[in-house]
1. Could you look through region A:298-313, keep only residues that are of a type in the set (S, T, Y) and touching a Lys or Arg at 6+ places or on another chain (Cβ under 6 Å), and pick out the one that is nearest to the other protein chains (Cβ to nearest Cβ)?
2. Could you go through region A:264-276 and let me know if any residue there is within 30 Å of A:W216 (Cβ to Cβ) and modelled with pLDDT of 95 or more.
3. Name the residue that is nearest to the chain's Cα centre (by Cα), counting only residues in region B:291-313 that are of a type in the set (G, A, S) and over 19 Å from A:E344 (Cα atoms).
4. Condition check: outside the structural domain of A:A14 (by TED's automatic domain parsing) and either within 17 Å of B:L315 (Cα to Cα) or small (G, A, S) (or both). Does A:T324 satisfy that?
5. Specify which of the listed residues (B:L51, B:L103) is of a type outside the set (V, I, T) and surrounded by 20 or more Cβ atoms within 10 Å (Cβ to Cβ).
6. Residues in region A:20-29 that are touching a residue at least 60 places away in the same chain (Cβ under 8 Å), away from chain B (no Cβ under 14 Å) and not β-branched (V, I, T): how many?
7. Please find, within region A:261-276, the residue that is surrounded by the fewest Cβ atoms within 10 Å (Cβ to Cβ) out of those that are among the β-branched types (V, I, T) and in a loop (DSSP other than H, G, I, E, B).
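The values are calculated or read from the model by the stated rules, or taken from the named source; none is laboratory data. Here the structure is a predicted model, which means the values were calculated and not measured. Cβ sites come from the backbone with ideal geometry, for glycine too, and all protein chains shown count toward neighbours.
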Protein chains: 2
Amino acid sequence: MPAFNPHLWCVILAGGVGSRFWPASTPTVPKQLLPLGSERPLIRDTVDRILPLIPAERLRILAGAHLSAPLLGELTELGPDNLLVEPGAAGTAPVLAWAAAELVRQDPDAVMISLHADHVIHPPGAFRALLEEAASLAVRHRRLFTIGARPTRPETGYGYIGVGADLPGGGCEVAEFIEKPDRATAKSYVASGEFLWNTGLFVWRAADLLEQLARWTPELADALPLARAGDTEGFFRAVPTLSIDEGLLERSDRVGVVAATFEWDDVGAWDAMFRTRPTDENGNVGVGEVFPVECQRVALYTSDGPVVAYGVQDLVVVRTAGVTFVTTPERAPDLKKLLVRLPEEIRG
Amino acid sequence: MPAFNPHLWCVILAGGVGSRFWPASTPTVPKQLLPLGSERPLIRDTVDRILPLIPAERLRILAGAHLSAPLLGELTELGPDNLLVEPGAAGTAPVLAWAAAELVRQDPDAVMISLHADHVIHPPGAFRALLEEAASLAVRHRRLFTIGARPTRPETGYGYIGVGADLPGGGCEVAEFIEKPDRATAKSYVASGEFLWNTGLFVWRAADLLEQLARWTPELADALPLARAGDTEGFFRAVPTLSIDEGLLERSDRVGVVAATFEWDDVGAWDAMFRTRPTDENGNVGVGEVFPVECQRVALYTSDGPVVAYGVQDLVVVRTAGVTFVTTPERAPDLKKLLVRLPEEIRG
């Protein structure tokens, strides 16, 4: 397979808010527009990571209309033709079906790589090599491939994939998809070596996705012709909210998995900064004008004046959008429990 | 002694910065102008506390010229005649000598109560009653009285007074003045019941102070006639920096102490908020728009947008003057060690 397979396309899901990054993330400045993986926004890193493999004309960014201007403001090499504007939120099954239909209308042989705008991945070369391999396998086996990441900790916030039998030439069948497990189960998965994190990164022929949806996903089957015909509004009016995992991957017998050879993080909450940003010798990380003095394991983030921490440990301190927020790394993933307890005008 | 002894005067020392309240305290907005004891600035509380005992015309606020406008802006019932404008910082010995000389020029029999602008005292009635008693004793015994507070913890940030023999009618002689002790010594002082905190609050006949200074304080003796003559600039040019404790009280045989019957706090650093402000049922305190959620013993202070703390303990969080600052209650008194390590433009 050549380095620039002319049928290789990439869609980047960029419609989420990332509410666990409150107060930095808001509907109009969502997580993917924040510098959480490097000095630049996550979406910028995501696009740069894929561009050496897929040229801009075969790149599509999926997001609501309210994000078109901020996304194009950041991604100056892209234009309106690179946007697939979602009329509303509907879960990954209808969104990916619609994206696949859009690609098939332009290229019936399109191989579709589906990425998220807010993941951190190192090193990018290994990432691109694996996507090429998965694309080759998708064409060869006509399977829907998901990328699995080797678990490095018993994370309870991720889904897991039980790896099945080897496929000829690379990749494996999927034995099972597991929703977020409890901690003991997650530990046993990590120890066994037979489970991968479900990254939500996919590679498949766009036409194969539509065919499999027509077969396995009655919730969408009747609406698919609307998507194929380019009636985006009609399609989204007709479909329920449904995830691609529940709506198709857990049902289909034509899925596969390839194991990542790169580090992957979905940057789920503020504590992800400790994994995705360089730490100093005391385990501190920072974005913006930050001064940790005699601190250990503090994450400081500011877009609004200096943040000074003195003699504290295991803390997340955020100043942005007119709000000061302090929590622990352990509490950071539970941010939604906090938000419901705050007055609406504070929550934003 | 009548409730409004016509010779009773009050001077309030309001010239300090309170640099341990960085970033809130600055040379132009010093600690005494911040709402650290109630919803109103400390100087406002201090003046209100004394006004029922001493009318405004016998009240004097001592501070540098740069604070005249902010002080009168807060103390709207006072005017320029209530200010004693210090030409420069020189320690409490020359400042109190000068203030005493100013009072004597207006009232040779002036009894001078010297307060600090930034103390928190409860209840105010007991405070005023003790000042009246001390004033009566000062006239009767012709001694320089200091107010001692009953120690409630082995504080190492305060000076202590060893209480001597009882004086007839009330008050005691002073056995010794002790600079800030180490923790073990402070514990023994608290346990013994024979030591009081040196509050820096004084009551004496102004003329007696000048007489004692002339006798015991050669560093000032030659300059005192300048102060008596109203040559403020000349006086301050002629005197060294010297504290009243070191320069006079530790030398004189005409000092005395009365034990406070009120709660007293000098609001030395951010951790003082836990003592001077009402706490919620989890020991949290706050100034401004603050939201401690599932927190214990956190002090939150903001003049600049909400501060939200989630699931943290034993923390001080400050947002003001464009700076976000986080430390522990234990570290708060050591703030000066932090400040020297920050860039000057952050330090302010």
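1. Our first condition is that a residue be of a type in the set (S, T, Y); within region A:298-313, this holds for A:301-303, A:310.
Among the residues that remain, those that are also touching a Lys or Arg at 6+ places or on another chain (Cβ under 6 Å) are: A:302, A:310.
Working: A:T302: 7, A:Y310: 4 Å.
Once the filter is applied, the top-ranked residue is A:Y310.
2. Checking region A:264-276: at least one residue is within 30 Å of A:W216 (Cβ to Cβ) and modelled with pLDDT of 95 or more.
3. Narrowing region B:291-313 to residues of a type in the set (G, A, S): B:299, B:303, B:305, B:309, B:311.
Those left that are additionally over 19 Å from A:E344 (Cα atoms): B:299, B:303, B:311.
On the way: B:A299: 22, B:S303: 24, B:G311: 35 Å.
Ranking the candidates gives B:A299 first.
4. On the way: outside the structural domain of A:A14 (by TED's automatic domain parsing): yes; either within 17 Å of B:L315 (Cα to Cα) or small (G, A, S) (or both): yes.
Taking the combined requirement at face value, the residue satisfies it.
5. Working: B:L51 fails: surrounded by 20 or more Cβ atoms within 10 Å (Cβ to Cβ).
Only one candidate passes the filter, namely B:L103.
6. Residues flagged as touching a residue at least 60 places away in the same chain (Cβ under 8 Å), away from chain B (no Cβ under 14 Å) and not β-branched (V, I, T) within region A:20-29 amount to 0.
7. A:T261
Conditions (1) over 13 Å from A:D208 (Cα atoms); (2) not aromatic (F, W, Y), marked per residue:
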| site | (1), (2) |
| --- | --- |
| A:A90 | yes, yes |
| A:A93 | yes, yes |
| A:A97 | no, yes |
| A:R105 | yes, yes |
| A:V120 | yes, yes |
| A:G125 | yes, yes |
| A:F145 | no, no |
